[in-house]
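First comes the structure, then the notes that go with it.
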Amino acid sequence: MGKVYIVGAGPGDVELITVKGLRCIKEADVILYDRLINHELLSYAKPNAQLIFCGKLPNRHAMIQEHINHSLVQYAKQGKVVTRLKGGDPFVFGRGAEEAEVLASHHIPYEIVPGITSGIAAPAYAGIPVTHRDLGSSFAIVTGHMREGKDDSIKWESLANGVDTLAIYMGVGNLPYICNQLLKYGRTATTPVALVHMGTFEEQQTVTGTLETIVDIALESNVKNPSIIIVGEVVSLREKIQWFEAQNQLSESVV
């Protein structure tokens, strides 16, 4: 019997993977990897490691989840060391728990290797802390879309009134609805909002506005997924402490 490691690859910057996560890549016989990982990480794999793309796009899946689950079980039963490499953290909107359930049901040894999630890392690279002593003492991670055919079960009223900072994943396509729900339940129209596209990658792009203006700004800037939406007063700190994009611009001007 082999073993499966369900590994968070981090948000994009190749140096943000954990030491343990990198070891799992180096030791794997088989790596099943997702679309949003930094592909540079695969260069650390053994020369004879089998690399299998499992990436998903909306309505276009390279491998359906059931096939991924089956592959994890199959390779482990062949005695192989398997690394399931996921963007961010495997337990934050990553289906890592579903895959762990399947492995457990087949009595296959496995470990979970946490990763830095983009809901914290992307705003940090944009100069936005998700908490701040003066501006935000609570923080919530929220999905920006529901499973197809499911009603919206997100408790928008509680989020609008009870949480200082929201990090909303996969929500650019639903941005008008998200803003309307927060406004509907009492969040002020002047609440700062940021969209961070491709967070921690070199091509990171950040736009800011308010709940009242961000939809138009996003359209004008043509912001697409993958992007994180940050809602809260902490966004105002970007003006003072943005560093990553400024650093990249300085490097480009020097070149």
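The values are calculated or read from the model by the stated rules, or taken from the named source; none is laboratory data. Just so it is clear, the model here is predicted, and its values are computed rather than measured. Don't worry about glycine lacking a Cβ; one is built from the backbone with ideal geometry, like all the others, and counts go over all protein chains shown. Just the protein is used for accessible areas: all its heavy atoms, side chains included, with ligands, DNA and RNA removed. Shrake-Rupley method; radii C 1.70, N 1.55, O 1.52, S 1.80 Å.
If we keep just the residues of the range 87-109 that are surrounded by 21 or more Cβ atoms within 10 Å (Cβ to Cβ) and of a type in the set (Asp, Glu), which is nearest to the chain's Cα centre (by Cα)?
Looking at residues that are surrounded by 21 or more Cβ atoms within 10 Å (Cβ to Cβ) and of a type in the set (Asp, Glu), I get ASP89.
Among the residues of the range 169-193, which ones are open to solvent by 20 Å² or more (accessible area, probe 1.4 Å) and among the polar types (S, T, N, Q)?
Listed by number, the residues that qualify are ASN174, ASN180, GLN181, THR188, THR190.
Between VAL196, VAL207, VAL231, which is more than 18 Å from THR117 (Cα to Cα) and either in contact with a strand residue (DSSP E or B) (Cβ under 7 Å, 6 or more places away or on another chain) or open to solvent by 30 Å² or more (accessible area, probe 1.4 Å) (or both)?
Unique residue meeting the criteria: VAL207.
Please tell me if LEU166 is without any contact (Cβ under 8 Å) to a residue 40 or more places away in the chain, of a type in the set (A, V, I, L, M), open to solvent by less than 20 Å² (accessible area, probe 1.4 Å) and under 16 Å from GLY136 (Cβ atoms).
The answer is no for LEU166.
Can you confirm whether the range 166-183 contains a residue that is in contact with an Asp or Glu (Cβ under 9 Å, 6 or more places away or on another chain), in a loop (DSSP other than H, G, I, E, B) and either at positive phi or not hydroxyl-bearing (Ser, Thr, Tyr) (or both)?
Checked the range 166-183: no residue is in contact with an Asp or Glu (Cβ under 9 Å, 6 or more places away or on another chain), in a loop (DSSP other than H, G, I, E, B) and either at positive phi or not hydroxyl-bearing (Ser, Thr, Tyr) (or both).
Go over the candidates ILE64, ILE68, ILE52 one by one and state the one that is of a type in the set (A, V, I, L, M), farther than 30 Å from GLU245 by Cα and without any contact (Cβ under 8 Å) to a residue 12 or more places away in the chain.
That would be ILE64, the only listed residue that is of a type in the set (A, V, I, L, M), farther than 30 Å from GLU245 by Cα and without any contact (Cβ under 8 Å) to a residue 12 or more places away in the chain.
Determine, yes or no, whether GLY115 is farther than 20 Å from VAL235 by Cα, crowded, with 19+ Cβ neighbours inside 10 Å and either touching a Gly at 6+ places or on another chain (Cβ under 8 Å) or of a type outside the set (Gly, Ala, Ser) (or both).
For GLY115, the condition - farther than 20 Å from VAL235 by Cα, crowded, with 19+ Cβ neighbours inside 10 Å and either touching a Gly at 6+ places or on another chain (Cβ under 8 Å) or of a type outside the set (Gly, Ala, Ser) (or both) - is met.
Cβ-Cβ distance below 8 Å, separation of 6 or more or different chains: which pairs start in the range 1-18 with a residue that is within 20 Å of ALA100 (Cα to Cα) and end on one that is surrounded by 18 or more Cβ atoms within 10 Å (Cβ to Cβ) and polar (S, T, N, Q)?
VAL4/THR83; TYR5/THR83; VAL7/THR83; GLY8/THR117; ALA9/ASN38; GLY10/ASN38; GLY10/THR200
Tell me which of these ASN161 doesn't satisfy, since it passes every other one: (1) over 30 Å from ASP216 (Cβ atoms); (2) open to solvent by 10 Å² or more (accessible area, probe 1.4 Å); (3) of a type outside the set (A, V, I, L, M).
Of everything listed in (1) over 30 Å from ASP216 (Cβ atoms); (2) open to solvent by 10 Å² or more (accessible area, probe 1.4 Å); (3) of a type outside the set (A, V, I, L, M), ASN161 misses just condition (1).
Look at the range 10-38 and say how many of its residues are out of contact with any helix residue (DSSP H, G or I) (no Cβ under 7 Å at 6 or more places or on another chain) and open to solvent by 40 Å² or more (accessible area, probe 1.4 Å).
9
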